[in-house]
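To start, the structure under review is shown below, and the notes come after it.
Readers should treat all values here as calculations from the given coordinates under stated rules, not as data from a laboratory. Note that the structure is a prediction, hence the values are computed from the model and not measured. Positions of Cβ are backbone-derived with ideal geometry, glycine not excepted, and every protein chain shown enters the neighbour counts.
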Amino acid sequence: MRDIELYRVLLGLTTPWTVSAVDVDMTGQRVVVRVDAGAGPYPCPECGATGPGYDSKPRRWRHLGTMQFTTWIEANVPRMECETHGVKQLRVPWAEPGSQFTALFERLAIDLLRECSITGAVGLLRISWDEGWGIKAQAVTRGLARRGPDVVSCHTIIATRTRSMSKNTVRSSRRWVPMIGSPQSSLDCKTNHTDQVIRSVHGSRRHRCA
C-alpha cells in the first residue's frame, strides 16, 4: 500500500487517475506502475463537461528510473462521450499526446541530448537510436511552435517578405530551422547574400542542418 501511495504522490496524480498497483521485477530490474482512471464519468478534454465512458485503449510509457530499475507506467486510457464534442480520449497528465515516454523522461533525455552525442545519450537512457532521435525531433517541433515563424532555411534559400511572417525571414521548399539571432539582428537576406546566410547557419552548432 505504501508503494502505491508513493508513486501516486511522485506522479502528481489527481482525479480520476490513481495508482492501482506497483509490480517489481527483481530479475529484469523493472518496475511497472499501473494507473487506473476508474469507471467514470470522465471530464471532456475539450470543455470539461462530464460524460460516460465509451471504451479504453491500453498504453505504456517509459518513465524515469527507480534506482537502477527501469520504470514503466501502464494504463487503459478511456475514451468518453461528450454531448458537445462526441467521443474523445482522456489526456494523461504525465505525457504528451501520442508520446511513448513521460514528460519527465523526455526532459531528462533532452538535457542529455544537448550535452552528449546521440549515441552517448541513448546508451545512458537505455533507449534505441531511433527513439532518441524521435524525442529530439519532437522537442524541436515544440520549440519552433513556441518561437513562431522567425526561421531560416538551409536549402534553396529564397529571400521573402510577407505580412504573415516577421520582417526578416527566408523561406525553403524543403525545411525550416530557427533564425540565427533575434529578429532585430537577423540578416536582411537578398539573393546575393545566400552564401553569407549559409555560413551563418552552418557556423552555429545548435542550428546545423542535416
Discussion item. Taking the beta-carbon count within 10 Å as an exposure proxy, list His85, His63 from fewest neighbours to most.
Written reply: His85, His63
Worksheet item: Hey, how many Å between the Cα centroid of the stretch 23-60 and the Cα centroid of the stretch 79-131?
Response: 16 Å
Fill in: Efficiency of FRET between Ser117 and Lys57 - r from beta-carbon atoms, R0 22 angstrom, step 0.05
0.05
Item to complete: Pairs of Cα atoms under 8 Å, at least six residues apart: use those to get the relative contact order of the stretch 1-94, whole percent.
Response: 24 percent
Worksheet item: Which stretch or stretches of the stretch 64-79 have amide N atoms under 18 Å from the point lying 7 Å from Arg91's Cα along the Cα→Cβ direction?
Response: 77-79
Item to complete: Taking every Cα atom in the stretch 1-94, find the radius of gyration and the maximum pairwise distance Dmax, and write them in Å.
Response: 14.6, 49
Worksheet item: Where does each of Ser128, Ser56 land when they are ranked from fewest to most other beta-carbon atoms within 10 angstrom?
Response: Ser128, Ser56
Worksheet item: Using the count of nearby Cβ atoms within 10 Å as a rough guide to exposure, how do Lys136, Lys57, Lys88 rank from fewest to most?
Response: Lys57, Lys136, Lys88
